[in-house]
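Input: a single structure, listed below in C-alpha cells.
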Amino acid sequence: MYSVNMGNDGDYDWEKEVEEFEKTKAGVKGLVDSGVVKIPRFFIDQSEKSSNVAQLQIPVIDFQELKTRRMEIVEEIRKASEIWGFFQMVNHGVPMSAMDAILEGTRKFHEQTKESKMEYYSTDMMRKVKFYTILGTLQKSHAASWRDAFSCTFTDDMLDPAAIPPVCRNEIAKYMKFMMKLRDTLSDLLSEALGLSRDFLRNKQFLKSESLSCLYYPACPEPEKTFGTEKHADPTILTVLVQDDTGGLQIHHENYWVDVPPIKGALIANIGSFMQLISNDKFKSVEHRVLARSIGTRVSSACFFYPSSDQILKPYGPLKELETPPVYREVSYLEFVTCHQKKLSEGTSTLVHFKI
Ligand code: OGA
Ligand code: NI
C-alpha cells in the first residue's frame with residue numbers, strides 16, 4: 001500500500017514509497033493499470049506548465065537534394081545549433097516505415113504483460129538492455145518522470161541482437177541501421193557547421209556509440225502535478241528523436257517554453273551538453289521537457305549519440321581546431337556523464353561545473 005494515500009503527512013515516507021514502487025517492477029504503466037487516481041508524491045513537480053506566448057518556432061531543415069544544396073543546409077544547421085540547440089529534419093532519408101515501426105515496437109514492448117517486462121527491469125545505468133522508470137538513485141530534490149523507458153545501448157555501433165527482446169528486436173535493429181547512416185550524414189554536416197573539415201567528428205569517433213531509449217508516456221490522473229519528462233539537457237554529443245503525433249515536448253528558449261510540434265515524417269535533432277563543451281559554447285545544449293497529459297498514451301524514441309568506447313576515457317576540452325580561447329577545462333566523457341547524473345539530481349547544470 002502507498003503511504004501517500006493515507007492522507008496523513010506524518011505517515012509519509014519518501015524512501016519507502018519509492019522502494020515499493022520499484023519493487024513492483026511494473027513502472028508507471030503498472031500504476032495506471034492498477035487504477036491509481038492520485039500520483040505517488042515522488043512524481044510531484046508543481047512547476048509552471050505554461051507554454052509559449054510568443055510565436056516562436058524551432059527551425060525545420062529540409063535535407064532534400066543534400067548534394068546540390070549542401071552549403072545552404074550546413075548554414076541552416078549552424079544557425080539552428082547556435083541559436084536553438086534544436087531543429088527538426090525532413091527528407092532525412094530514414095523511411096517513414098522505419099519510424100512508424102520503432103514507435104510501434106516501443107508500444108509493443110511496454111504493452112506486454114508486466115511479467116514479460118520484469119526481467120529487464122533495472123535501475124543500473126551500466127546495463128545495456130533495461131526497462132526502468134528511475135535510472136540510478138532518485139534524489140528527494142528531484143521528481144520522477146511520468147513515463148517508462150526501455151533502452152538498448154550499442155557500444156561502438158554494436159549490440160548482440162539476441163540481447164533485445166523478440167517483441168521489438170526487428171524494429172530496433174532496423175531503425176538503428178538507419179540511425180547510424182543518418183549519424184554519418186549529421187556528423188559530417190556538424191563538422192562543417194563548426195568550420196572544421198567534413199570528416200572531423202567522424203574520424204574522432206565522437207558519435208560512435210548509441211543508446212536508444214524507447215519511451216512510453218501513459219495518461220496521468222493528475223497531469224498538472226508532474227511531467228512526462230522532467231526538464232533536463234541531454235549529456236550527449238547529439239540526440240535524434242522521433243515522436244508520435246500527440247505532442248507535449250517543449251524546449252527552453254529565451255525564457256519561454258516553446259512547443260516542438262509533431263510533423264509527420266520529421267526527426268528532431270538536439271545538441272547535447274558534451275557537444276556544447278567541445279564546441280566551446282558555439283553550439284548550445286538546451287533544456288527540454290515533456291508535459292504529462294490526462295488522456296491518451298504518448299510514445300517516442302530517442303537515440304543518444306556519444307563517443308566510442310576508447311574515446312570515452314580520454315580527456316577532451318574545447319576543440320583546439322576552433323581557435324577560440326577555451327571556456328571549459330578538459331574532462332573525459334565518462335566523468336562528464338557521471339557528473340551529469342549527480343548534478344541532475346541537484347538541479348544544477350553539468351556544464352557550469354567544468355567552466356574555467
Ligand atoms: C529524453 C527526451 C523527449 C521525448 O529522453 O532525453 O528528451 O519527446 N525525450 O520523449
Ligand atoms: Ni532529452
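One table, with the values for the structure above:
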{"read-out": "Total residues in segment 157-195, condition assigned to a helix (DSSP H, G or I) and over 28 Å from F131 (Cβ atoms)", "value": "10"}
{"read-out": "Pick from segment 101-122, criterion within 25 Å of E222 (Cα to Cα) and in a loop (DSSP other than H, G, I, E, B), ranking: farthest from the chain's Cα centre (by Cα)", "value": "T113"}
{"read-out": "Scope segment 253-311; condition away from ligand 1 (no atom under 11 Å from the Cβ), under 25 Å from Q341 (Cβ atoms) and of a type in the set (A, V, I, L, M); matching residues", "value": "A269, I271, M275, L277, I278, A292"}
{"read-out": "Residue among F154, F150 that alone is of a type in the set (A, V, I, L, M, F, W, C), assigned to a strand (DSSP E or B) and out of contact with any Cys (no Cβ under 8 Å at 6 or more places or on another chain)", "value": "F154"}
{"read-out": "Residues located in segment 123-134, provided they are without any contact (Cβ under 8 Å) to a residue 40 or more places away in the chain, in a loop (DSSP other than H, G, I, E, B) and of a type in the set (A, V, I, L, M)", "value": "M126"}
{"read-out": "Looking only at segment 203-219, and only at residues there that are out of contact with any Gly (no Cβ under 8 Å at 6 or more places or on another chain) and more than 21 Å from Y175 (Cβ to Cβ), the one that is farthest from ligand 2 (Cβ to nearest atom)", "value": "N203"}
{"read-out": "Single unsatisfied condition, V32 versus (1) within 18 Å of K114 (Cβ to Cβ); (2) at pLDDT below 95; (3) aliphatic (A, V, I, L, M)", "value": "(2)"}
{"read-out": "Qualifying position, being within 19 Å of A101 (Cα to Cα) and either modelled with pLDDT under 95 or basic (K, R) (or both), among K140, K177", "value": "K177"}
{"read-out": "Looking only at segment 233-266, and only at residues there that are on the phi > 0 side of the Ramachandran plot and either within 16 Å of the chain's Cα centre (by Cα) or assigned to a strand (DSSP E or B) (or both), the one that is farthest from ligand 2 (Cβ to nearest atom)", "value": "G247"}
{"read-out": "Answer residue from segment 267-290, given it is more than 14 Å from S81 (Cβ to Cβ) and within 11 Å of ligand 2 (Cβ to nearest atom) and is surrounded by the fewest Cβ atoms within 10 Å (Cβ to Cβ) among those", "value": "E287"}
{"read-out": "Single condition S141 does not satisfy, out of (1) part of a loop (DSSP other than H, G, I, E, B); (2) surrounded by 14 or more Cβ atoms within 10 Å (Cβ to Cβ)", "value": "(2)"}
{"read-out": "Residue within segment 144-152 that is crowded, with 23+ Cβ neighbours inside 10 Å, more than 16 Å from ligand 1 (Cβ to nearest atom) and at pLDDT 95 or above present", "value": "no"}
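Here is a yes/no grid of residues against (1) in contact with a helix residue (DSSP H, G or I) (Cβ under 7 Å, 6 or more places away or on another chain); (2) at pLDDT below 95; (3) more than 27 Å from L201 (Cβ to Cβ):
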position: T236; (1), (2), (3): yes, no, no
position: L241; (1), (2), (3): no, no, no
position: K264; (1), (2), (3): no, no, yes
position: V286; (1), (2), (3): no, no, no
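The values are calculated or read from the model by the stated rules, or taken from the named source; none is laboratory data. Just so it is clear, the structure is predicted and the values come from calculations on it, not from any experiment. Ideal geometry is used to build each Cβ from the backbone, glycine not excepted, and the neighbour counts take in all protein chains shown.
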